[in-house]
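Accompanying notes for the structure given below.
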Amino acid sequence: MDDVWSRLTSAPAVVPAGVGDSGDDTWTLIVDSFWPLLLAGLTATIPLAVLSFALGLVIALGVALLRLSPNPVLSGIARFYISVIRGSPLLVQLFVIFYGLPSIGLIIDPWPAAIIAFSLNVGGYAAEIIRAAILSVPKGQWEAGHTVGFSQAQTLTRIVLPQATRVSVPPLSNTFISLVKDTSLASLILVTELFRRAQQIAAFTYEFMIIYLEAALIYWMFCLVLSAGQNALERRLDRYVAH
């Protein structure tokens, strides 16, 4: 009996219904499907989340600084962006970019579309986290920077942001963990990540419950590893804080 992985590699991207082998042993199916699901998670889900989160942080920092700007126009633009991102579902944002933009002549491939949508979404949520972290740094730190001759930008990058980073690590880590799970939405725009691979295997074998539970287990494993990394990073950063 051929395993699921060998059959999937020779199968079309969208497997027609009714092709699966209903006689497959349940345990054999679980074992055979685990590697293709894990591989899809490691080669697609995690890279998609990492790239989107990194770009999202860049956007978030810029938006947070605009939000803190004394210029009402710049601050208003940042407020509007955050309001739109936080006030609309991620799925709608994803569909607007992938399915909506082609109506105005802008066609984006699935992977770039997913990265753009996820990055913009992370930027809207993380901007408020970064803004709150910056505001949590005592104003005396700004004055100390000016006292030693630092410019506003130097004070921000050398004094304020390093302190704000420690404050923002827990909520930003939670945002990243949520993003890893949200990447499953990319399957709806034809990105072959963990969940789409699970859909293909389930359609091929007709074992929907088993395959989807297995996919959920792999997502959970990823989140456990990321949570452990978050805790280790927080302990490391706490070494530099006076108690």
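The values are calculated or read from the model by the stated rules, or taken from the named source; none is laboratory data. As the structure is a computational prediction, the values presented were derived from the model and not from experiment. Counting neighbours? That spans all protein chains shown, and the Cβs are built from the backbone with ideal geometry, glycine included.
Table: residues versus (1) among the acidic types (Asp, Glu); (2) part of a loop (DSSP other than H, G, I, E, B); (3) under 23 Å from Leu172 (Cβ atoms).
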site	(1), (2), (3)
Phe53	no, no, yes
Ala64	no, no, yes
Ser69	no, yes, yes
Ile77	no, no, yes
Val84	no, no, yes
Val92	no, no, no
Tyr99	no, no, no
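Which ones in segment 113-146 are over 24 Å from Phe80 (Cα atoms) and in a helix (DSSP H, G or I)?
Those that are over 24 Å from Phe80 (Cα atoms) and in a helix (DSSP H, G or I): Lys139, Gly140, Gln141, Trp142, Glu143, Ala144, Gly145, His146.
Sort out which residues of segment 197-232 are buried (at least 19 other Cβ atoms within 10 Å of the Cβ) and not in a helix (DSSP H, G or I), and write them in order of number.
Selection gives Glu207 alone.
Under the condition of being assigned to a helix (DSSP H, G or I) and farther than 19 Å from Phe53 by Cβ, which residue from segment 233-243 is modelled with the lowest pLDDT?
Taking the candidates together, the pick is Asp238.
Check Leu161, Leu185 and return the single one that is within 22 Å of Leu66 (Cβ to Cβ) and out of contact with any Ser or Thr (no Cβ under 9 Å at 6 or more places or on another chain).
Leu161
Quick check: is even one residue across segment 155-173 crowded, with 17+ Cβ neighbours inside 10 Å, under 30 Å from Ile189 (Cα atoms) and modelled with pLDDT of 85 or more?
Yes, some residue in segment 155-173 is crowded, with 17+ Cβ neighbours inside 10 Å, under 30 Å from Ile189 (Cα atoms) and modelled with pLDDT of 85 or more.
From the list Ser136, Ser119, exactly one residue is of a type in the set (Ser, Thr, Tyr), under 25 Å from Ile46 (Cα atoms), in contact (Cβ under 8 Å) with a residue 24 or more places away in the chain and touching a helix residue (DSSP H, G or I) at 6+ places or on another chain (Cβ under 8 Å). Which is it?
Ser119
Starting from residues that are among the β-branched types (Val, Ile, Thr) and in a helix (DSSP H, G or I), keep the ones in segment 179-196 and report whichever is farthest from the chain's Cα centre (by Cα).
Among residues in segment 179-196 that are among the β-branched types (Val, Ile, Thr) and in a helix (DSSP H, G or I), the one farthest from the chain's Cα centre (by Cα) is Ile189.
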